[in-house]
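Worksheet for the structure shown next.
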């Protein structure tokens, strides 16, 4: 599903920062993987590259057989929309839209009709047990509910992978467990490929494979 | 390329974002509203003023001049400076023979005389006119006819009543064929007339005047050959200004007037007034458009400003949208539609407000101040174009927002 070959990334600031050094990584379809590393290890940069939010300098990135390189903004947006479902630490829901509209938003950018996308969004919310919260604004939802809405939004386009950036970082431990449970179910029942970036070992433990990043390199498997 | 411009979601979002900061939206909208209203009101106001001024000349042949004898400003042949003289009917005949003169309408008038018909009576101005009057001045004939050449030749005792005089003397209506008593002489009413113009040659408006043949007036009131004033119209290709030296030459030959005395004949060139009104209002209209568009541009800059702030505020939201698949064009469309929605609503409200104000002006003045539908449509087009222009810079800025920057921007 994901193949990285010799990925390098340097940020050219006042002092050039070589954040990713020769990353080689393969993730199969249906894997539940966590990427762990300390702050500044380069794990967020890796996630941005995986999510087509950032470019890399050298190497090769294949996502579901598509070479991700030198894409136009439009093509990148389209691939993000169709192949990747994002889940963020701070949920990143749009505050003035209710849960249903938030979930339906990716379909808006696909040009799906309003009626159809609201139907699909309702279905997603229902699956995640939020049908009764559909008309609530994000501000009226609990942290766990918000993250489930964000998950529904990530899932609605039926993406190839789910990329989650510290999905439990803003949640208490009980809610964290619930959210992780959902990730595990998605992986087990629907065969979703899921990549979770985290620095929380508790989260890492619940995934099937842990990739450790140290100083921009992948640490050998233990 | 398919964009969400027409999608209901787009418009719901616009409503939501504009309503989130009501005061700010309202103030920005007011700038546009006021600019548009100013533009529409200035254009309508300029047109209305022009119509008001033109109304004064309505009924005047535009290629004409009013002349009458004035006091001498230079002593000549024993006549002191300040002494008066009079035009006579023979002068009028001489003026009619000048090449380029179409008609010379001689008039004379008498102020406020009592007039009676049956048991009704009132006071009225009386004017005598000849057959050329209808060529120079275009009164509105309400019923019957006006004074004609036969009346003038036969010193007929006929009268045309001004509409107001007729209403006082014949409140029951139909005055035609009835008689009115003016200083003991009975005149048969042959017509009822009024005038559109505010301007008057001498004395009262035709509405408040009884008009009789000039020859009859001279005879009945012992005026001899004197003529009060004349209205002179030029043939096509000639203008009163061009004819003035010839007119002066003829009159100097017939009366002792100093060759350098330009004051002895009052000469009011109507065509000059028309030309002046034309150029004056051309200027006023241009000024109105300039000031109006200036005000509108100030309002539009306000929109551009606010759009810029909104884009700044929503950097992170735009980043999220980009992350979940919004193309740069989607973001541009979103920001532009907000700017366009704001300008359209506020601008339309401005036009409606201006139309209401101009409508009131219509009623109060009796002159059309209202802008035409075409003008309104043009103003709409102007603010739409300006609104789009003002939204371009903020939307380009929004387009450049990278999803990664925006998401990390917490």
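Consider residue A:60 against the criteria (1) free of Cβ contacts under 8 Å to residues at least 40 places away in the same chain; (2) more than 30 Å from residue A:136 (Cβ to Cβ): it satisfies all of them except one. Which criterion is unmet?
That leaves (1) as the condition not met.
With respect to the numbered conditions (1) within 14 Å of chain B (Cβ to nearest Cβ); (2) within 23 Å of residue A:167 (Cα to Cα); (3) assigned to a loop (DSSP other than H, G, I, E, B), which one is the sole condition not fulfilled by residue A:46?
Result: residue A:46 fails condition (3) only.
Mind listing whichever residues of the stretch B:57-84 are out of contact with any helix residue (DSSP H, G or I) (no Cβ under 9 Å at 6 or more places or on another chain) and part of a helix (DSSP H, G or I)? Give the derivation first.
First pass over the stretch B:57-84, keeping only residues out of contact with any helix residue (DSSP H, G or I) (no Cβ under 9 Å at 6 or more places or on another chain): B:58, B:68, B:70-84.
Within the stretch B:57-84, no residue meets the criteria.
Please find, within the stretch B:84-111, the residue that is surrounded by the fewest Cβ atoms within 10 Å (Cβ to Cβ) out of those that are within 17 Å of residue B:135 (Cβ to Cβ) and under 31 Å from the mean Cα position of the chain (by Cα).
B:100
Determine the pairs where a residue that is closer than 12 Å to residue B:94 by Cα, located within the stretch B:250-272, has a partner that is modelled with pLDDT of 90 or more and surrounded by fewer than 19 Cβ atoms within 10 Å (Cβ to Cβ) with Cβ atoms under 6 Å apart, the partner being 6 or more residues away or on another chain.
That search, which allows pairs on different chains as well, returns B:250/B:94.
Output the residues belonging to the stretch A:118-140 that are in contact (Cβ under 8 Å) with a residue 24 or more places away in the chain and under 21 Å from the mean Cα position of the chain (by Cα). Let's see the steps before the verdict.
First, pick out the residues of the stretch A:118-140 that are in contact (Cβ under 8 Å) with a residue 24 or more places away in the chain: A:120-121, A:124-125, A:127-128, A:130, A:133-139.
If the condition is that a residue be in contact (Cβ under 8 Å) with a residue 24 or more places away in the chain and under 21 Å from the mean Cα position of the chain (by Cα), then A:120, A:121, A:124, A:125, A:127, A:128, A:130, A:138 are the ones that fit.
Within the stretch B:320-363, count every residue that is within 14 Å of another protein chain (Cβ to nearest Cβ) and out of contact with any strand residue (DSSP E or B) (no Cβ under 7 Å at 6 or more places or on another chain).
Kept after step one, since they are within 14 Å of another protein chain (Cβ to nearest Cβ), are these residues of the stretch B:320-363: B:320-334, B:337-338.
If we keep only those that are out of contact with any strand residue (DSSP E or B) (no Cβ under 7 Å at 6 or more places or on another chain) too, we end up with B:320-322, B:325-334, B:337-338.
Here the count works out to 15.
Taking the stated definitions as given, is residue B:63 under 43 Å from the mean Cα position of the chain (by Cα), under 30 Å from residue B:247 (Cβ atoms) and buried (at least 19 other Cβ atoms within 10 Å of the Cβ)? Lay out the reasoning, then the answer.
Working: under 43 Å from the mean Cα position of the chain (by Cα): yes; under 30 Å from residue B:247 (Cβ atoms): yes; buried (at least 19 other Cβ atoms within 10 Å of the Cβ): yes.
In short, yes.
For the stretch A:3-18, how many residues are surrounded by fewer than 21 Cβ atoms within 10 Å (Cβ to Cβ) and either touching a helix residue (DSSP H, G or I) at 6+ places or on another chain (Cβ under 9 Å) or in a loop (DSSP other than H, G, I, E, B) (or both)? Spell out the reasoning first.
First, pick out the residues of the stretch A:3-18 that are surrounded by fewer than 21 Cβ atoms within 10 Å (Cβ to Cβ): A:3, A:5-6, A:8, A:10-18.
Next cut, either touching a helix residue (DSSP H, G or I) at 6+ places or on another chain (Cβ under 9 Å) or in a loop (DSSP other than H, G, I, E, B) (or both) only: A:11-16.
Residues that pass the stated criteria total 6.
Would you please name the residue that is farthest from residue B:7 (Cα to Cα), looking only at residues in the stretch A:82-94 that are touching a strand residue (DSSP E or B) at 6+ places or on another chain (Cβ under 7 Å) and at the interface with chain B (Cβ under 8 Å from one of its Cβ atoms)? It would help to see each step written out before you state the result.
Of the stretch A:82-94, the ones touching a strand residue (DSSP E or B) at 6+ places or on another chain (Cβ under 7 Å) are A:83-89.
Those left that are additionally at the interface with chain B (Cβ under 8 Å from one of its Cβ atoms): A:86, A:88.
Details: A:86: 24, A:88: 27 Å.
Here the residue is A:88.
Which residues, taken from the stretch A:95-117, are buried (at least 21 other Cβ atoms within 10 Å of the Cβ), at the interface with chain B (Cβ under 9 Å from one of its Cβ atoms) and either without any contact (Cβ under 8 Å) to a residue 40 or more places away in the chain or not in a helix (DSSP H, G or I) (or both)?
Result: A:101, A:108, A:109, A:117.
Select from the stretch A:52-81 the residues that are surrounded by 15 or more Cβ atoms within 10 Å (Cβ to Cβ) and more than 14 Å from chain B (Cβ to nearest Cβ) and write down the one among them that is farthest from residue A:8 (Cα to Cα).
Among residues in the stretch A:52-81 that are surrounded by 15 or more Cβ atoms within 10 Å (Cβ to Cβ) and more than 14 Å from chain B (Cβ to nearest Cβ), the one farthest from residue A:8 (Cα to Cα) is A:64.
Look through B:379, B:388, B:324, B:345 and report the one residue that is over 23 Å from residue B:11 (Cβ atoms) and surrounded by 14 or more Cβ atoms within 10 Å (Cβ to Cβ).
Values: B:388 fails: over 23 Å from residue B:11 (Cβ atoms); B:324 fails: over 23 Å from residue B:11 (Cβ atoms); B:345 fails: over 23 Å from residue B:11 (Cβ atoms).
Every option except B:379 fails the conditions.
Can you find a residue in the stretch B:297-319 that is away from every other protein chain (no Cβ under 12 Å), part of a helix (DSSP H, G or I), within 46 Å of the chain's Cα centre (by Cα) and under 28 Å from residue A:51 (Cα atoms)?
Of the stretch B:297-319, the ones away from every other protein chain (no Cβ under 12 Å) are B:297-312, B:315.
Cutting the leftovers down to part of a helix (DSSP H, G or I) gives us B:297-312, B:315.
The next check asks that each one be within 46 Å of the chain's Cα centre (by Cα); those that pass are B:297-310.
Keeping just the survivors that are under 28 Å from residue A:51 (Cα atoms) gives B:310.
The answer is yes, given that some residue of the stretch B:297-319 is away from every other protein chain (no Cβ under 12 Å), part of a helix (DSSP H, G or I), within 46 Å of the chain's Cα centre (by Cα) and under 28 Å from residue A:51 (Cα atoms).
Please go through the stretch A:173-222 and pick out each residue that is touching a helix residue (DSSP H, G or I) at 6+ places or on another chain (Cβ under 9 Å), in contact (Cβ under 8 Å) with a residue 60 or more places away in the chain and assigned to a helix (DSSP H, G or I).
Selection gives A:183, A:203.
If residue A:152 passes every condition in (1) surrounded by fewer than 18 Cβ atoms within 10 Å (Cβ to Cβ); (2) more than 26 Å from residue A:42 (Cβ to Cβ) but one, which one does it miss?
(1)
The values are calculated or read from the model by the stated rules, or taken from the named source; none is laboratory data. This is a predicted model, so every value here is computed, not measured. Note: ideal-geometry Cβ built from the backbone for every residue, glycine included; neighbour counts use all protein chains shown.
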